[in-house]
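One structure below.
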Amino acid sequence: MKIAVLAVQGAFLEQEKAFQKLGMETIELRKKEDLEADFDALVLPGGESTVQGKLLKELGMFQDLKSRIENGMPTMATCAGVILLAGTLTNDSRTYFQTLPVSVTRNAYGRQLGSFYQEGVLKEIGNFGMEFIRAPLIEAASPECTILGTVNDHVVAVRYRSQLALTFHPELTDDLAVHRYFCQNIVNEIDSMP
Amino acid sequence: MENTFETNTGEYGRPTLTKQKQYALNKELAQMLKGGVIMDVTTPEQARIAEEAGACAVMALERIPADIRAAGGVSRMSDPKMIKGIMEAVSIPVMAKCRIGHFAEAQILEAVEIDYIDESEVLSPADDVYHIDKTQFKVPFVCGAKDLGEALRRICEGASMIRTKGEPGTGDIVQAVRHMRKMNSEIAKVSAMREEELYHAAKELQVPFELLKTVHDTKRLPVVNFAAGGIATPADAALMMQLGAEGVFVGSGIFKSGNPAKRAAAIVKAVTNYNDAKMIAELSEDLGEAMVGINENEIELLMAERGK
């Protein structure tokens, strides 16, 4: 199984290392030609969504990746990645893939002094230590989304079909539970579908 | 409590964090900036141009290093009002500089909730012996370093990100290259040492043994390391990335050039695709005039020699 990590800006290496620890092969997507490789799943890492979104478009990867996600490619998004997937943003006119029916607020917890760590329970995954770095917030999710986790009554993790969206950073911890969940419950499940 | 910072009550609040956890979160913000370009800006308008061009963060300062160099005199922290104006203008992280050792300026920057403080040799040092005890702050710090010893001393004092010093405001890349190469070769040397040799190396480098041991075990700095000082072209940025920088700061290089927006966007793409010479060739076309620059042997003030 080969996992493609969007590598235009941000913490993509951390995502690659996490998946490699689970025995997955990873490739980096930095430009259009990189899309010619075969891959089974897509990872949108943390970083700055404004930079990633701009480079996705200007380096010629946007439309291709958008249709792959729409056609059911398993996709895991953390932090900035959630902003790239969101259907609407409450505080920014820039939108990107819009494949995930949620509304998201950017930098919802304030600036870096508002960044925090919180332990909590994720549905189907279990206890997890969550790192929130200038994190966005999922304000509202369509009923078709499965809510996997909340912190202080705010949604921090959702699954919608083959898309997994997390406003925190599982790739910054040694705990691989979220990555394992993605591989086992989303990538494999889709694979075995007719 | 001794080892915790008091609760920060933002709109959604957050739990009390230990100092260790706060430091971890601060190092992690630097990880999110990787593969990106941090641009010096002096006005909200420039900040917006930088964000549009793809900057992953901006450095708010009154005068860019080339102008500081030209103006001479004492150079200080910028007006908080000007910094706040830039924070309001963009959605990406905003950094600002304080003088080396000037913890009161740092306290002010923390009070305006800046995202990152650069304790910077570009400004006139306020203390010729001590750097700021950065462990006393919640807000993260980036510091310049010419070699492994300086980098580890700054990390020991609480810096959560390192950048090469380079020679600011010159448009001359030679010092940034020298600092990055020196850092890399020292890390390689330390990594290859036997453990008992590390005790002596720690003494020579004037750094704590534990930090040096981490470098030895992981073969890298324990925090993110960017290149800074003298980067003026997409090729400069690609050079630093290929030498192992995890991202770049561009100071005077952008807004001292003929076409800032285009040059900024080109440098951003060159950092992402730093190994693709063909793409960088295209990016380097028609960028207009680069900053004129001065060679390191033509200048009298070596900012990189400030704060060791």
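The values are calculated or read from the model by the stated rules, or taken from the named source; none is laboratory data. Computed from a predicted model, the values in this text were never measured in an experiment. FYI the Cβ positions are ideal-geometry reconstructions off the backbone, even for glycines, and counts take in every protein chain you see. The protein model used for the area step is the full one, side chains on, heavy atoms only, and it has no ligands, DNA or RNA in it. Shrake-Rupley method; radii C 1.70, N 1.55, O 1.52, S 1.80 Å.
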query: Using a 1.4 Å probe, what is the accessible area per residue for chain A, in Å²?
result: 36 Å²
message: Computing the accessible area with a 1.4 Å probe over protein heavy atoms, can you report the carbon and sulfur percentage for chain A?
response: 45 percent
- prompt: Counting only residues 5 or more places away or on other chains, whose amide H sits under 5 Å from the amide H of residue B:121 once H atoms are built in the peptide plane?
  reply: B:144
- line: chain B, Gaussian network, Cα under 10 Å: of B:104, B:70, B:201, the residue fluctuating most is B:70
field: DSSP bridge orientation in the protein assembly as shown - percent antiparallel, rounded to nearest 5
entry: 35 percent
Peptides A:132-144, A:26-38, B:131-143, A:155-167 ordered by average Cβ neighbours within 10 Å, highest first: A:155-167, B:131-143, A:132-144, A:26-38
P(r), alpha carbons of the range B:129-285 - 10 Å bins starting at zero, rounded %: 11, 36, 31, 16, 5, 0
statement: Applied in sequence order to the range B:292-308, the curve 6.51 cos²θ - 1.76 cosθ + 1.60 (Karplus, θ = phi - 60°) yields integer Hz couplings, x standing for Gly and Pro, of 4, x, 9, 6, 4, 7, 9, 10, 8, 9, 8, 5, 4, 7, 7, x, 10
message: If each residue of separation counts as 0.36 nm, what is the full-extension length gain between residue B:281 and residue B:220 once their alpha-carbon separation is subtracted?
response: 18.9 nm
task: Could you name every residue in the range A:37-55 that has 40 Å² or more less accessible surface in the full protein assembly than in its own chain alone (probe 1.4 Å, ligands and nucleic acids excluded)?
output: A:48, A:51, A:54, A:55
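May I ask for the equivalent-ellipsoid semi-axes of chain B, computed as the square root of five times each C-alpha gyration tensor eigenvalue and listed largest first in whole Å?
After diagonalising the Cα gyration tensor, the semi-axes are 28, 24, 19 Å.
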task: Just the number, please: buried accessible area between B and A, total of both chains, 1.4 angstrom probe, nearest 100 square angstrom.
output: 3500 Å²
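Can you compute the FRET efficiency between residue A:93 and residue B:81 using 1/(1 + (r/R0)^6), with r the Cβ-Cβ distance and R0 = 25 Å? Round to the nearest 0.05.
On the way: r = 27 Å, r/R0 = 1.07.
It comes to 0.40.
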- prompt: Taking the Cβ of residue B:100 as the center, what net charge do the other residues with Cβ under 9 Å away carry, scoring Lys and Arg +1 and Asp and Glu -1?
  reply: -2
- request: Enter the mean number of other protein chain beta carbons within 10 Å of the beta carbon of each residue in B:93-101, as an integer.
  value: 1
field: Rounded to whole Hz, the Karplus (6.51, -1.76, 1.60) HN-Hα couplings of the range B:239-256, x for glycine and proline
entry: 4, 5, 5, 5, 7, x, 5, 9, x, 9, 9, 10, x, 6, x, 8, 7, 9
query: Given N residues in the range A:2-191, what is Rg(Cα) / (2.2 N^0.38 Å)?
result: 0.92
field: Accessible area per residue in Å² at 1.4 Å probe, computed on the range B:215-282
entry: 32 Å²
- prompt: So how do A:52-65, B:187-200 stack up, highest first, on mean other-Cβ count within 10 Å?
  reply: A:52-65, B:187-200
- prompt: Mind checking the mean number of beta-carbon atoms from other chains within 10 Å of the Cβ atoms in A:147-154?
  reply: 1
query: Which stretch or stretches of the range A:110-144 have amide N atoms under 16 Å from the point lying 7 Å from residue A:22's Cα along the Cα→Cβ direction?
result: A:122-129
- prompt: Averaged over peptide B:58-67, how many Cβ atoms belonging to another chain are found within 10 Å of each residue's Cβ?
  reply: 0
field: Radius 15 Å from Cβ of residue A:17, net charge of other residues (Lys, Arg +1; Asp, Glu -1)
entry: -4
message: Check which residues have an amide H placed less than 5 Å from residue A:151's amide H, if you skip close sequence neighbours.
response: A:156
field: Interchain or long-range residues, amide H under 5 Å from residue A:130's placed H
entry: A:118, A:119, A:120
statement: Expected unfolding gain across residue B:130-residue B:213 under the 0.36 nm per residue rule, minus the alpha-carbon gap, is 27.5 nm
task: Run the accessible area of chain B with a 1.4 Å probe and give the carbon-and-sulfur part as a rounded percent.
output: 50 percent
Simple label model, 7 Å out from Cα along Cβ direction - residue A:36 to residue B:308, nm: 5.2 nm
Label-to-label distance, nm, for residues given as residue B:189 and residue A:175 (7 Å Cα→Cβ offset): 4.2 nm
task: Rank B:91, B:257, B:160 by mean-square fluctuation in a GNM of chain B with C-alpha springs under 10 angstrom and give only the top-ranked residue.
output: B:91
field: Per-residue SASA entry for residue B:74, accessible area with 1.4 Å probe, Å² rounded to 10
entry: 80 Å²
